[in-house]
1. LEU345: net charge of surrounding residues, Cβ under 12 Å, Lys/Arg +1, Asp/Glu -1, itself excluded?
2. Which of HIS252, ASN264, PRO275 sits closest to the plus end of the dipole of region 187-280, meaning its Cα is farthest towards the positive end, when Lys and Arg get +1 and Asp and Glu get -1 on the C-beta?
3. Just order 146-153, 158-165 by mean Cβ neighbour count inside 10 Å, highest at the front, would you?
4. Magnitude of the Cβ-charge dipole of region 130-257, K/R +1 and D/E -1, about the Cα centre, nearest 20 debye?
5. Between GLU107 and HIS3, what is the spin-label point distance in nm, taking each point 7 Å from the Cα along the Cα→C-beta axis?
6. Measuring from centroid to centroid over Cα atoms, what is the spacing of region 1-68 and region 314-335 in Å?
7. Using r as the Cβ-Cβ distance of GLN201 and ALA289, and R0 as 41 Å, what FRET efficiency do you calculate, to the nearest 0.05?
8. Less than 15 Å Cβ to Cβ from HIS3, Lys/Arg counted +1 and Asp/Glu -1: what total charge do the surrounding residues give?
Amino acid sequence: VTHLQCTPSLARILCSSAEGKQALAKLRHLFVGGEALPADLARELLASVGGTVTNMYGPTETTIWSSTHELEAFAGTVAGRAVETGAVPIGKPIANTHFYVLGARGEPLPIGVSGELHIGGDGVARGYLDRPELQAERFVADPYARRAGARMYRSGDLVRYRGDGVLEFLGRTDHQIKIRGHRVEPGEIEALLVRGSHGSQDVAEAVVVAREDTPGDQRLIAYVVARGAAPDAARLRERLRLELPESMVPTHYVFLERIPRTHNGKIDRKALPAPDAAQRSRTPARQPASALETHLAQLWRDALGVESVGVSDNFFDLGGHSLLVVRIHRRLRELGYAEVALTDLFRYPTIRALAQALDSDSGSGALDAARSRGLQRRRSAQPRRQPEPRANAAGTVQSSRAPPWKA
């Protein structure tokens, strides 16, 4: 592999192991995007990647990428001054793309003054399917374009120009967030929590925010004011899963008597408390019953950043996600369970179930079955490595080779 595109979250996972750093060292180009790139991760990538590192920015509404910024010279300072935002600049617009930093009245703002980024050019989409009101709000006329009828997209991103024409990302004008590359609208989650289901309206008020109490591990937290007795967090989680993708289901639920507010009545998100172990779970944790379960519990605590884990707790309900699964899978391989598939960690989401699958003395044969599945996967992939040559429409013979990581 010589070129790789991934989110900063995945890049951080790669940097956390010797095997990952060895793979990064072989890259000629690494492209990261989908979420903000922290400065500390940018420095680590520059030290690890053998070639160039490029930060990419752009919403889906403008055909994915709209600007790039190569980080070869990035060292935590810009033009002799420290980067104040804690994130890497998003660069300059790509070809056939126009950036406008505008104020509240749509006026262009000078260098160094923050405003909302509007994006024009050939990449601007036609609009949203069956959402005319949102489309009218976000896709507006472009008064600075030479072409009649041109439109631009209001990104909702707060930015400012540096003196060299490079843009810095400062945050959002609303509360939209991105977690592991997924766009999340907290207001939609809050509305579903308050609305309830099947006539159950047990939540009086809800606020959903993204917290990064552990560096590099951003999670959705729901702060809930209950109507009467506090509902069970597991029930709230399952309610949301009926209507939302997994990326929009909060990891933790914190029950408060009231939502903190500023002196003018607005929600004070900075005053919302960090969830502690007692707030994260109202169910007593079942303790490990074997040495293997005890060891797995430690792996989970390290990965999840929690003090206590029960053997019947669901990994994903505790805040686990696919990137953390990769980390645990790597540790299991280091411990000798090389044939356990990554999918097995999704299949066995509790410590007890995973321990039974890994314990070769359990009599269940789960580990042997896992090794057998790995062998079968490799055998089934073998015929695809060297397929027969085939002729294309022009009569030229083509042949496919396996990617180098399969060889």
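1. +4
2. ASN264
3. 158-165, 146-153
4. 480
5. In this crude label model, GLU107 to HIS3 measures out at 4.4 nm.
6. Each part's Cα centre sits 21 Å from the other's.
7. So, using R0 = 41 Å, E works out to roughly 0.50.
8. The answer is +1.
Every number in this text was worked out from the coordinates using simple rules, so none of it is lab data. Because the structure is predicted, anything quoted here is derived from the model rather than measured. When we count neighbours, we look across all protein chains shown, and the Cβ atoms used for this are built from the backbone with ideal geometry, even at glycine.
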